[in-house]
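Some notes on the structure that comes next.
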Amino acid sequence: MQYDSVIIGGGPAGMAAAVYFARQKMKFALISENIGGQALMSADVENYLGFHLMDGVALIEKFKEHLNDYKKDFDLIEGERVTALSVINGGFSVKTSKDRIIETRTVLITTGEKHRELGVPGEKAFYGRGVTYCATCDAPLYGGKDVAIVGGGNSAMQAVLFLEKYAKSMTVFTVNEGLTGDAIMLKKIQQSEKVRVIGKSKITKILGDAFVSGLEYEDRDGKKQLLETQGVFIEIGLVAECDFTQLLKKNKKGEIEVTIHNETNIPGIWSAGDVTNVTEKQIAVAVGEGSKASLNIIQWLQQHEG
């Protein structure tokens, strides 16, 4: 069976596109390792029209409720990630992590971003055992504990403010002289007695046995130092999640380059949301981009019937 379209990624952009496709009675599939994507990690969403204040999880539940109205009209392939995308006669072949092969006339990539990794020894070994990339998800697990936050921008500061409700103490490591970003968040952190910032520092190793027990870092003088800690929150930014294909033109950041119509350099493949070179990485923007891309795909399919 060949689909009219396959949506790769189930965040806000992909979910919005799915609603448009379903309403057009298209034959399509949505493939997502995790429905909701990075939006699930948003602590407070205050700028999504119609919802004055809610967290990312609650907003995604609203999106899911809408999508569920059409659940009989498309194939949802959940819990699988795409590992390969290739051109075939009449369209494209999509391969998933469970070796599922799917053929489709068009593709919409909405895979968003993933957390950037430090790439140091112990990071992967202790993931889920003291190493985390999501303060909003895991902060309650660190009540009364000493934790470290790696990063010096808004993401790191947001993590600090969220952890302040739970952690006993927080040590923030940044490669810069100090924290940079939103002035209001910075002022709140400077007033907290729980926070210590170590500038011009670089994490070199995460230590532990069954769980994280400490980390090794280089100070501003290049000397190795040790810090005892029970948790390491890595907040050093995000990177586009599109390693599964080398077909598409990408910018220096690794983001898929698209036109104003969400077209990529490969005819028949569109992309939308945070995985692209769109400048604003916002839930509302992703929904709009996914909607716009789906409309362009619908129009393309109508013009290329048969």
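The values are calculated or read from the model by the stated rules, or taken from the named source; none is laboratory data. Just so you know, these numbers come straight off a predicted model, no measurement behind them. Note that each Cβ is placed from the backbone with ideal geometry, even for glycine, and that neighbours are counted across all protein chains shown.
Only one of the listed residues (GLU46, GLU80, GLU65, GLU61) is of a type in the set (Asp, Glu) and touching a residue at least 24 places away in the same chain (Cβ under 8 Å). That residue is GLU80. GLU263 meets the stated requirement of being farther than 22 Å from ALA156 by Cα, of a type in the set (D, E, K, R) and surrounded by fewer than 22 Cβ atoms within 10 Å (Cβ to Cβ).
Yes or no, residue by residue, for (1) without any contact (Cβ under 8 Å) to a residue 60 or more places away in the chain; (2) among the hydrophobic types (A, V, I, L, M, F, W, C):
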| site | (1), (2) |
| --- | --- |
| THR171 | yes, no |
| THR174 | yes, no |
| LEU179 | yes, yes |
| ILE184 | yes, yes |
| SER201 | yes, no |
| GLN225 | yes, no |
| THR229 | no, no |
| VAL232 | no, yes |
| GLN246 | yes, no |
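Based on this model, can you work out whether GLU241 counts as under 30 Å from TYR166 (Cα atoms) and touching a Ser or Thr at 6+ places or on another chain (Cβ under 6 Å)? No.
Could you go through region 242-251 and let me know if any residue there is touching a helix residue (DSSP H, G or I) at 6+ places or on another chain (Cβ under 7 Å) and assigned to a strand (DSSP E or B).
no
When the test is whether a residue is in contact with an Asp or Glu (Cβ under 8 Å, 6 or more places away or on another chain), in the same structural domain as CYS137 (by TED's automatic domain parsing), surrounded by 14 or more Cβ atoms within 10 Å (Cβ to Cβ) and modelled with pLDDT of 95 or more, SER155 does not pass it. Entry remark, region 263-306: residues being within 19 Å of the chain's Cα centre (by Cα) and either in a loop (DSSP other than H, G, I, E, B) or not assigned by TED's automatic domain parsing to the domain that holds GLU46 (or both) number 10 in total. One residue alone among LYS253, LYS249, LYS187 is at pLDDT 95 or above and charged (D, E, K, R), and that residue is LYS249.
Just checking, which of GLY208, GLY254, GLY178, GLY214 is small (Gly, Ala, Ser) and in the same structural domain as THR83 (by TED's automatic domain parsing)? From the options GLY208, GLY254, GLY178, GLY214, the qualifying one is GLY254. Please give the number of the condition ASP75 fails out of (1) without any contact (Cβ under 8 Å) to a residue 12 or more places away in the chain; (2) in contact with a strand residue (DSSP E or B) (Cβ under 7 Å, 6 or more places away or on another chain); (3) of a type outside the set (A, V, I, L, M). Of the numbered conditions (1) without any contact (Cβ under 8 Å) to a residue 12 or more places away in the chain; (2) in contact with a strand residue (DSSP E or B) (Cβ under 7 Å, 6 or more places away or on another chain); (3) of a type outside the set (A, V, I, L, M), the odd one out for ASP75 is (1).
Residues that are free of Cβ contacts under 8 Å to residues at least 40 places away in the same chain, charged (D, E, K, R) and not in a strand (DSSP E or B) within region 92-137 comprise LYS98, ASP99, ARG100, LYS124, listed in sequence order. Residues that are under 19 Å from GLN230 (Cβ atoms) and either exposed (fewer than 13 other Cβ atoms within 10 Å of the Cβ) or among the aliphatic types (A, V, I, L, M) (or both) within region 169-191 comprise MET170, VAL172, listed in sequence order.
Has region 106-113 got at least one residue that is in contact with a helix residue (DSSP H, G or I) (Cβ under 7 Å, 6 or more places away or on another chain), of a type in the set (Ser, Thr, Tyr) and modelled with pLDDT under 95? Within region 106-113, none of the residues are in contact with a helix residue (DSSP H, G or I) (Cβ under 7 Å, 6 or more places away or on another chain), of a type in the set (Ser, Thr, Tyr) and modelled with pLDDT under 95. For region 156-168, name all the residues that are assigned to a loop (DSSP other than H, G, I, E, B) and either touching a residue at least 40 places away in the same chain (Cβ under 8 Å) or under 14 Å from PHE233 (Cα atoms) (or both). Residues satisfying the conditions are GLU164, TYR166, ALA167. Could you list all residues from region 162-189 that are among the hydrophobic types (A, V, I, L, M, F, W, C) and either in contact with a helix residue (DSSP H, G or I) (Cβ under 6 Å, 6 or more places away or on another chain) or under 15 Å from GLY152 (Cβ atoms) (or both)? Those that are among the hydrophobic types (A, V, I, L, M, F, W, C) and either in contact with a helix residue (DSSP H, G or I) (Cβ under 6 Å, 6 or more places away or on another chain) or under 15 Å from GLY152 (Cβ atoms) (or both): PHE162, LEU163, ALA167, MET170, VAL172, PHE173, VAL175, LEU179, ALA183, MET185, LEU186, ILE189. Where strands (runs of 3 or more DSSP E) fall entirely within region 169-235, those with at least 2 residues that are among the basic types (Lys, Arg) are at 202-208. Quickly run through region 60-91 and pick out the residues that are surrounded by 13 or more Cβ atoms within 10 Å (Cβ to Cβ), of a type in the set (Lys, Arg) and assigned to a helix (DSSP H, G or I). Passing the criteria: LYS62, LYS64.
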